[in-house]
Amino acid sequence: MDFLRIQPIHLDVLREIGNIGAGHAATALSTMLNKAVDMKVPSVNVISFEEISEMVGGAENVVASVFLRIVGDAPGCMFFMLPVEQAEKLLEDLLVGQTVDLTKEDESDISLSALQEVGNILSGSYLTSFSDFTGLNLQPSVPATSIDMAGAILSFGLLEISTVSDYAIVIDTAFTDIERQDEVKGHFFLLPDPLSFSKIFHALGVPLDE
Amino acid sequence: MSEIIKVGIADINLVSPPNTIRTTGLGSCVGVILFDQVKKIAGMAHIMLPDSSLSKTSMLNEGKYADTAIKSLYDMLIKSGANGKGLKAKIAGGAQMFKFTSGSEMMRIGPRNVERVIEELSALKIPLLASDVGGSSGRTIEFNPENTLLTIKTVNAGTKVI
């Protein structure tokens, strides 16, 4: 893909996808937790593979993540990613009365599947609004969860892109718990496959100049 | 004062004592270390994909693909005075971070990377002394060219030295 053909308007369009998608997801999260969830203005960046890991605290930083493939008209990858401690807090809010320790193997089964379900609901609402907004047919794959190094997890979502480029367009939306304003709770990363960009731009009426 | 040489994704670098060389967050990627124990020079590549034929761009990043990365790492080491016949290898990585029932070929990229690395090494007649591959854990690896030990750290499966 030729990133040079991408104009500011295209980045704006992608930012709007992040805005609407994550907005719906944040509402879903807020309903699930029965408390207010705040969302940051999405950022859309053309960044190197190294920099993507930096966005979540470096390649070695341990994160809880839910990953899914987007299939349909504009395939891509989607990650819902948050620091392990934050994931534990979120799950404790959800599984009332339980102490969650995601790093323990034995106890983690129910919490892992709860995490997967959270990821499923959030990314589902993100993707539905993305699909409605663009009129593109998009479906999520069954989500997969992993608690591991951010770099190891994210590089998996970069494989498709890496065949055409050393850079990726990342639509990142961070969100926070309104009571704990200072800390970022999690990230949604949307990584469309290289060929999906022209489809997305076309669907939204801002085709790339040929 | 020794320092740690960093190797990024799809990157290649060389090292000699007292420095060590390190790459972080290997998932399905494979870290390949070639070293000459006598001349005490080593290099590491962090490869993402098995074969450069997967590339859909005219600008080929050699460090990204197993076939091109190992060749250029080999050439870099020879240029820096390593003895081609004395080179040995250690590898780590190639995990499957996520399991899908209906996985495409891209999904089992870890094992494919490992297979291809082993093929490339045997084509260059470089003995593979040790490996820590597969599984479903991310790895951070650090190689010390002085004692040729490779330290592998994981989140879920502890630390080991090969």
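The values are calculated or read from the model by the stated rules, or taken from the named source; none is laboratory data. As the structure is a computational prediction, the values presented were derived from the model and not from experiment. FYI the Cβ positions are ideal-geometry reconstructions off the backbone, even for glycines, and counts take in every protein chain you see. In case anyone asks, the SASA skips ligands and DNA or RNA and just uses the protein heavy atoms, side chains included. Shrake-Rupley method; radii C 1.70, N 1.55, O 1.52, S 1.80 Å.
Give the residue, chosen from B:20, B:57, B:24, that is within 14 Å of chain A (Cβ to nearest Cβ) and within 15 Å of residue B:143 (Cβ to Cβ).
Going through B:20, B:57, B:24 in turn, the sole match is B:24.
How about the stretch B:27-50: which of its residues are within 14 Å of another protein chain (Cβ to nearest Cβ) and either touching a strand residue (DSSP E or B) at 6+ places or on another chain (Cβ under 6 Å) or open to solvent by 40 Å² or more (accessible area, probe 1.4 Å) (or both)?
B:29, B:30, B:31, B:46, B:47, B:49
Within the stretch A:1-40, work out how many residues are more than 18 Å from residue A:122 (Cβ to Cβ) and of a type in the set (A, V, I, L, M).
7
Suppose we keep only residues that are out of contact with any helix residue (DSSP H, G or I) (no Cβ under 7 Å at 6 or more places or on another chain) and not acidic (Asp, Glu) within the stretch B:60-80. Which one would you say is nearest to the other protein chains (Cβ to nearest Cβ)?
B:61
Could you please give the count of residues in the stretch A:48-75 that are on the phi > 0 side of the Ramachandran plot and more than 9 Å from chain B (Cβ to nearest Cβ)?
Of the residues in the stretch A:48-75, 2 are on the phi > 0 side of the Ramachandran plot and more than 9 Å from chain B (Cβ to nearest Cβ).
Residue B:10 passes all but one of (1) within 14 Å of chain A (Cβ to nearest Cβ); (2) without any contact (Cβ under 8 Å) to a residue 60 or more places away in the chain; (3) part of a strand (DSSP E or B); which number fails?
Result: residue B:10 fails condition (3) only.
Identify all residues within the stretch B:112-137 that are at pLDDT 90 or above and either part of a strand (DSSP E or B) or open to solvent by less than 40 Å² (accessible area, probe 1.4 Å) (or both); write none if there are none.
If the condition is that a residue be at pLDDT 90 or above and either part of a strand (DSSP E or B) or open to solvent by less than 40 Å² (accessible area, probe 1.4 Å) (or both), then B:113, B:114, B:117, B:120, B:121, B:126, B:128, B:129, B:130, B:131, B:132, B:133 are the ones that fit.
Residues are listed down the side, and each one gets a yes or a no for (1) open to solvent by less than 20 Å² (accessible area, probe 1.4 Å); (2) at pLDDT 80 or above; (3) farther than 30 Å from residue A:201 by Cβ:
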{"site": "A:57", "(1), (2), (3)": "no, no, yes"}
{"site": "A:70", "(1), (2), (3)": "yes, yes, no"}
{"site": "A:79", "(1), (2), (3)": "yes, yes, no"}
{"site": "A:85", "(1), (2), (3)": "no, yes, yes"}
{"site": "A:101", "(1), (2), (3)": "no, no, yes"}
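Considering the stretch A:124-171 alone, what residues qualify as being among the aromatic types (Phe, Trp, Tyr) and either under 25 Å from residue B:55 (Cα atoms) or surrounded by fewer than 19 Cβ atoms within 10 Å (Cβ to Cβ) (or both)?
A:133, A:156, A:167
Please go through the stretch A:48-102 and pick out each residue that is in a loop (DSSP other than H, G, I, E, B), more than 30 Å from residue A:137 (Cβ to Cβ) and of a type in the set (D, E, K, R).
A:60, A:101
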